[in-house]
Amino acid sequence: MLFEITKNDTLKRYLSKWQPRELDVERFIVSADSDNNILDSSVFGEPLLIISNQVKTKFKKRADILAIDRYGNGVIIELKRDRGFLGVETQALQYLADFSAYKGQDFIKQFSKTNTQLEEEINSFIGGNATLKDINKSSRIILLAREFDPTIYSMGEWLSNNGVAFRCIQYEPTEIDEKRFISFSIAFDRSKDILNPLSLGAIAREPSYYWHNIARADQEWWEYLVEAKQIPACFDSAPGDQGEKILTSYISGDVIVAYSKGFGAIGWGVIENPESYKLAKVGGAEDRLKGDCMHRLSINWKAVATDLSEGIKPASVRDNFDIYHPLSTSVSIDPFKAKRLIEKLNIKCKKV
């Protein structure tokens, strides 16, 4: 919420004349860092893959967005241009009740005209976190509105107590000197404990395997990353954004398979010092992309392609190792499959 400081040094809420339509907001929330239908992590606190927009229910109504999260959970997203009143969550529950009947391959058949294409997108998005059989085993609701009536939160508490994960995200449009801005904040959330009851911060995870997209399919950029012993992340190249969150989520022992769009798997390494994360200085010696991709983390490279063309192509990775290319910066890989791919990289690439 934005306030103007009056002449009497009091706060006056700033009300913008700009009122974006629901379809406008729907466009805004798609990630600019993805060529695919992934909702912006900065808005939702997590990446979400869009399965369908304005999807019809069996009662001939339309849900705004149907998506899945990294673990294959179905997500019903309802957008409201203005205030979210009691009743909008009931509408979303109706959609959830309808869509929750479709699980695994039935879900894919129901919401895709081209099953193979959607299967590949889902596999590329969830990585090693789930399988196609897990798709839509659990479902949840996200509401997005300018404001929410407090009764919505009371209903959200009741729903969460009955096992329905529920989140409200508030947005605020602002227009100042002909420039338009929009902010998003999570106003209510009862999702994490229901969806991942064991994923508490106090419980340390074991090292795992991940795709990591180097962002630019450029030979000079790749040579720099190898020499500097770094992996990058882009987004806004600002403190606290999704790029920082991704790099600081890695732990000591995590194994990283570097991915370059069009070239596939181009090398691998191990994160040994997760505390090495830094936001490089724009204009400094580490600024190789004119201010872009400034989030950096040190990596101990084990084997790397001397030239990007020497990488294992995405189709080959899929056909020979059953690993799909990542749809976003970082995607987990099944450990058994990752080890087989790494064995191939050790043969094909230069040992470091």
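The values are calculated or read from the model by the stated rules, or taken from the named source; none is laboratory data. Keep in mind it's a predicted model, so treat the numbers as computed, not measured. Cβ atoms come from the backbone with ideal geometry, glycine included; neighbour counts cover every protein chain shown. Each accessible area value is taken on the protein alone, full model and side chains, heavy atoms only, with ligands, DNA and RNA left out. Shrake-Rupley method; radii C 1.70, N 1.55, O 1.52, S 1.80 Å.
Would a scan of region 249-264 turn up a residue that is under 16 Å from the mean Cα position of the chain (by Cα) and open to solvent by less than 20 Å² (accessible area, probe 1.4 Å)?
Within region 249-264, one or more residues are under 16 Å from the mean Cα position of the chain (by Cα) and open to solvent by less than 20 Å² (accessible area, probe 1.4 Å).
Take Val282 and tell me if it is farther than 18 Å from Asp218 by Cα and open to solvent by less than 30 Å² (accessible area, probe 1.4 Å).
no
Does Glu275 satisfy the criteria of being under 21 Å from Ser328 (Cα atoms) and either part of a helix (DSSP H, G or I) or small (Gly, Ala, Ser) (or both)?
Here the answer is no, as Glu275 does not meet what is asked.
Quick one: would you say Ser199 is modelled with pLDDT of 95 or more, over 26 Å from Arg288 (Cα atoms) and open to solvent by 60 Å² or more (accessible area, probe 1.4 Å)?
So Ser199 fails the test.
Of the residues Ile108, Ile142, only one is part of a strand (DSSP E or B) and either of a type in the set (Val, Ile, Thr) or surrounded by fewer than 17 Cβ atoms within 10 Å (Cβ to Cβ) (or both); which?
Criteria check complete, one pass: Ile142.
Just to verify a result, which residue in region 67-105, among those that are of a type in the set (Asp, Glu) and either buried (at least 17 other Cβ atoms within 10 Å of the Cβ) or touching a Pro at 6+ places or on another chain (Cβ under 7 Å) (or both), is modelled with the highest pLDDT?
Asp69
Determine which member of the set Asp189, Asp218 is of a type in the set (D, E, K, R), open to solvent by 10 Å² or more (accessible area, probe 1.4 Å) and at pLDDT below 95.
Result: Asp189 is the single residue among Asp189, Asp218 that is of a type in the set (D, E, K, R), open to solvent by 10 Å² or more (accessible area, probe 1.4 Å) and at pLDDT below 95.
Name the residue, out of Ser276, Ser328, Ser298, that is at pLDDT below 95, open to solvent by less than 80 Å² (accessible area, probe 1.4 Å), under 30 Å from Asp241 (Cα atoms) and within 25 Å of the chain's Cα centre (by Cα).
Ser328
Check Phe321 against each of (1) in contact (Cβ under 8 Å) with a residue 40 or more places away in the chain; (2) open to solvent by less than 60 Å² (accessible area, probe 1.4 Å) and name the one condition it does not meet.
Against the list (1) in contact (Cβ under 8 Å) with a residue 40 or more places away in the chain; (2) open to solvent by less than 60 Å² (accessible area, probe 1.4 Å), Phe321 comes up short only on (1).
Determine whether Gly253 is out of contact with any Asp or Glu (no Cβ under 7 Å at 6 or more places or on another chain) and over 16 Å from Tyr209 (Cα atoms).
no
Within region 50-66, how many residues are free of Cβ contacts under 8 Å to residues at least 40 places away in the same chain and surrounded by fewer than 16 Cβ atoms within 10 Å (Cβ to Cβ)?
Going through region 50-66 one residue at a time, the tally reaches 7.
Please name all residue pairs, on different chains or six or more residues apart, with Cβ atoms under 9 Å, provided the first residue is in region 326-352 and is over 23 Å from Ile122 (Cα atoms) and assigned to a loop (DSSP other than H, G, I, E, B) and the second residue is open to solvent by 90 Å² or more (accessible area, probe 1.4 Å) and modelled with pLDDT of 95 or more.
Val352/Lys229
Does region 305-325 hold any residues that are part of a loop (DSSP other than H, G, I, E, B) and either under 19 Å from Trp222 (Cβ atoms) or more than 25 Å from the chain's Cα centre (by Cα) (or both), and which are they?
Of everything in region 305-325, those that are part of a loop (DSSP other than H, G, I, E, B) and either under 19 Å from Trp222 (Cβ atoms) or more than 25 Å from the chain's Cα centre (by Cα) (or both) turn out to be Ala305, Thr306, Asp307, Gly311, Lys313, His325.
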